[in-house]
Amino acid sequence: MKVLGIETSCDETAAAVVADGTKILSSVVSSQIEVHRPYGGVVPELASRKHLEAIVPVVDEAISRSGVALKQIDAIAVTRGPGLIGALLIGFSFAKAYAFALDLPLTGVNHLAGHIHSVFLEPDPPPFPFVALLASGGHTNVYHVISHTELELMGQTRDDAAGEAFDKVAKMLGLGYPGGGVIDRLSKEGDPDKIIFPRAYLDKSGFDFSFSGLKTSVNRYIQTHEDEYQNQIPDIVAGFREAVVDVLSYKIINAAIKKGCRHIAIVGGVAANKRLREKVRQDAEEKKIKVHIPCFHLCGDNAAMIAAAGYHYLTNGGVSDMNTDVYSRVL
Amino acid sequence: MIKKQLQITTLSLEETQLLGQKTGELINGGTVIALTGDLGSGKTSFIQGLAKGLGVPNEYYVTSPSYTLINEYPGRCPLFHADLYRLEHVEDIEEIGLYEILDSEEGVVAIEWADKFREILPDHIAIHLEIADDESRKISISADSPENITLTERISDIYNQQIEKISRSKGVQK
């Protein structure tokens with residue numbers, strides 16, 4: 001079954017064609033293509049109107065790169081939520097019209113379930129049940145993944161998301177946006193044990209996160225070391241990164257142990273963080289747990305993951321009708 | 001223009017949240033709260049208290065909307081929590097749907113990094129947070145309109161009464 005996936009929940013306009021929920025035939029993300037070239041690459045501005053401008057070229061590009069004729073597409077999967085209502089509506093309304101015109105089944109996909117499905121686009125995906133850490137700019141969630149369509153939320157951030165902490169710390173230090181890549185790069189030159197920032201484990205047996213206090217303590221460090229911090233940036237970011245990674249790794253491994261799972265998936269933009277990938281793999285190996293992390297281009301928002309999740313929704317009877325609407329939040 | 005500004009120093013994160021909570025208890029749908037202050041100064045913490053005061057159920061975690069841009073919570077009236085941190089152009093305000101929310105006057109609208117686009121703000125209560133030390137924050141509350149001035153005075157009075165009550169009960173314990 002060939003599914004056209006469409007994603008417009010936040011900054012990216014994306015479309016993809018995926019066969020049987022596993023094989024990517026094409027995957028197009030607007031920030032990576034021509035649309036932004038006149039402005040010199042990725043434009044970190046938001047893009048509700050950009051979604052409207054980009055949706056048709058991005059879908060056309062995905063169809064044409066897939067090598068599949070439009071009439072060979074079997075179904076359409078589109079992000080229904082959570083996200084910004086105005087942004088979601090553009091993708092969702094477009095998908096409804098497309099499905100209606102081509103007389104194809106349509107399914108609305110939860111963006112977060114989509115991220116988890118990015119590991120099914122890689123060889124050797126985890127068997128059910130497994131636990132998943134979804135860490136991005138907007139979310140830091142731990143799930144017990146029971147099947148393609150059943151997710152149990154075990155924990156989430158109470159304040160800032162992990163990816164947001166990276167970006168805000170980078171901003172405080174004048175390192176630019178986004179922060180994950182530059183912090184990774186600078187951390188290599190720094191000593192993570194030189195400046196120790198607090199780890200917020202909260203209740204150690206629980207799976208909630210808090211990164212706001214860490215952000216504030218980096219800010220306090222900068223304020224109280226005004227004269228010298230400029231020369232300590234590699235040590236500051238290495239210490240900060242280690243504090244984030246320690247907590248993420250600790251919680252996801254404990255979640256696997258609690259649920260008796262031998263497999264962990266790490267997904268979302270923060271899954272691209274090199275130290276996180278390394279640390280979770282090290283810690284998991286000691287416990288004989290296998291870690292699944294998608295390749296870099298499937299960590300950020302994309303539509304292939306939406307098509308993959310949509311395939312499983314559809315094969316489980318999850319067809320959306322024309323009265324289905326978007327939602328801004330899950331709870 | 002009349003303008004009133006009140007200063008409060010909170011000594012802990014809990015006190016900052018308490019000030020938010022008292023604010024939430026006193027305001028109603030249509031009130032706009034504009035928050036300003038550095039990264040880590042406690043804007044989101046204040047709004048966590050505000051949500052509590054508005055009766056947002058505990059199972060809803062009030063998280064930073066920096067990425068999600070606008071978060072909505074059910075309460076005595078809806079709470080819209082917006083963040084202009086990532087916005088670069090004033091047109092973005094329209095694109096994220098903030099004008100619709102402000103115009104409907106249905107809920108309380110709390111806006112972080114409000115100083116980025118001051119010109120778009122309707123009549124509001126302004127909350128500015130400054131880091132005094134690790135946990136202590138200097139908070140100024142100001143308003144222009146008679147209704148909002150009355151509100152800010154009541155918020156400050158009730159908060160101070162509450163703090164006094166807490167310190168008295170701690171004194172009794174000793």
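Since every read-out is calculated from the coordinates, none of them should be taken as a lab result. This one's a predicted model, so the numbers in the text were calculated from it and none came from an experiment. Quick reminder, even Gly has a Cβ in these numbers, built from the backbone with ideal geometry, and neighbours come from all protein chains shown.
Quick notes
- Rounded to 5, percent antiparallel among DSSP beta bridges of the stretch B:4-140: 50
- Only lysines eight or more places from B:Lys138 in sequence, or on another chain, were considered; those with a Cα closer than 18 Å are B:Lys4, B:Lys22, B:Lys43.
- Per-residue average of Cβ from other chains inside 10 Å of B:56-67: 5
- Among beta bridges that DSSP assigns inside the stretch A:126-293, antiparallel share in %, nearest 5: 60
- Taking every DSSP beta bridge that has both ends in the protein assembly as shown, the antiparallel portion is near 60%.
- For the protein assembly as shown, the normalised intensity computed at q = 0.08, 0.12 Å⁻¹ comes to -0.51, -1.14 (log10 of I(q)/I(0), Debye sum over alpha carbons, equal scatterers, no solvent).
- For the pair A:Ser147 and A:Asp124, a Förster radius of 25 Å applied to the C-beta separation gives a FRET efficiency near 0.85, rounded to the nearest 0.05.
- Ranked list, fewest to most other Cβ atoms within 10 Å of each Cβ, for A:Asp20, A:Asp208: A:Asp20, A:Asp208
- Toward the positive end of the charge dipole of the stretch B:26-174, with +1 on the Cβ of Lys and Arg and -1 on the Cβ of Asp and Glu, the farthest Cα among B:Gln161, B:Val62, B:Leu84 is that of B:Gln161.
- Listed by chain and number, the lysines whose alpha-carbon sits under 21 Å from that of A:Lys23, ignoring those within fewer than 8 places in the same chain, are A:Lys2, A:Lys71.
- Across the stretch B:4-140, the mean sequence separation of Cα contacts (distance under 8 Å, 6 or more residues apart), normalised by length, yields a relative contact order of 37 percent.
- For the stretch A:126-293: relative contact order, % (alpha-carbon pairs under 8 angstrom, 6 or more apart): 28
- Span-like helix ranges in chain B, DSSP H, alpha carbon extent 24 angstrom or more, Kyte mean at least 1.0: none
- Using a cutoff of 8 angstrom between alpha carbon atoms and counting only pairs six or more residues apart, the relative contact order for chain A works out to 25 percent.
- Relative packing of B:32-40, B:114-122, which averages over residues the other C-beta atoms within 10 Å, highest first: B:32-40, B:114-122
- Cβ-derived FRET efficiency at R0 51 Å, A:Lys71 paired with B:Glu14, nearest 0.05: 0.25
- Neighbour-count ranking [beta-carbon atoms within 10 angstrom, fewest first] of B:Tyr73, A:Tyr229, A:Tyr177: A:Tyr177, A:Tyr229, B:Tyr73
- With θ taken as phi - 60° and the Karplus curve 6.51 cos²θ - 1.76 cosθ + 1.60 applied, the whole-hertz 3J(HN,Hα) list for the stretch A:20-27 is 6, x, 10, 10, 7, 8, 6, 8 Hz, x standing for glycine and proline.
- Total formal charge among the other residues, if their Cβ is under 15 angstrom from that of B:Lys52, Lys/Arg +1 and Asp/Glu -1: -2
- Other residues with beta-carbon under 9 Å from the beta-carbon of B:Asp144 carry, at +1 per Lys or Arg and -1 per Asp or Glu, a net charge of +1.
- Taking other Cβ atoms within 10 Å as a rough exposure proxy, A:Phe92, A:Phe296, A:Phe197 sort from fewest to most as A:Phe296, A:Phe197, A:Phe92.
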